1. Give the peptides 35-42, 64-71 in descending order of average Cβ contacts within 10 Å, highest first.
2. Take peptides 21-28, 47-54 and line them up by average Cβ neighbours within 10 Å, highest first, as a rough protection proxy.
3. What is the local net charge at residue 27, summed over the other residues whose Cβ is closer than 15 Å to its Cβ (Lys, Arg +1; Asp, Glu -1)?
4. If R0 is 22 Å, what FRET efficiency do you get for residue 34 and residue 65 from their C-beta distance, rounded to 0.05?
5. When Lys and Arg each count +1 and Asp and Glu each count -1, what net charge do the other residues less than 10 Å away from residue 46, Cβ to Cβ, add up to?
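Only the coordinates and a few stated rules stand behind these numbers; no lab work does. Nothing here was measured: the structure is a model prediction, and the numbers come from that model. So basically every Cβ, Gly included, is an ideal-geometry build from the backbone, and we count neighbours across all protein chains shown.
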Amino acid sequence: MRGAQFVTPGGRTVTAQDNELGQELDLTLTYTPNRHLAFALGYSRFWAGDFLQETGVDDDTDFVYLQATRAKALDAVRGV
């Protein structure tokens, strides 16, 4: 099997034999105080896989986000 070859942002050409990027876990809490507004709070954890470890970018990553959605966008999701 020929490995995937690409250039990193630093300009280094790398070849990886594995194609597993990694695994991710997402947790999301939603709160809708009224029909015009909704909030989502999320947490994600990404575990780097073999492909990323072979390319030298093997850091696991955590991130948190807060999202607000207003009425027009909610109506589009609900099909109104």
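1. Details: 35-42: 13.5, 64-71: 10.8.
So the order, starting with the most tightly packed, is 35-42, 64-71.
2. Details: 21-28: 11.1, 47-54: 16.1.
So the peptides 21-28, 47-54, ranked by packing, come out 47-54, 21-28.
3. The answer is -2.
4. Working: r = 22 Å, r/R0 = 0.99.
So the FRET efficiency works out to roughly 0.50.
5. Numbers: positive: 45; negative: 24, 26, 59, 60, 62.
Counting the neighbours of residue 46, the net charge comes to -4.
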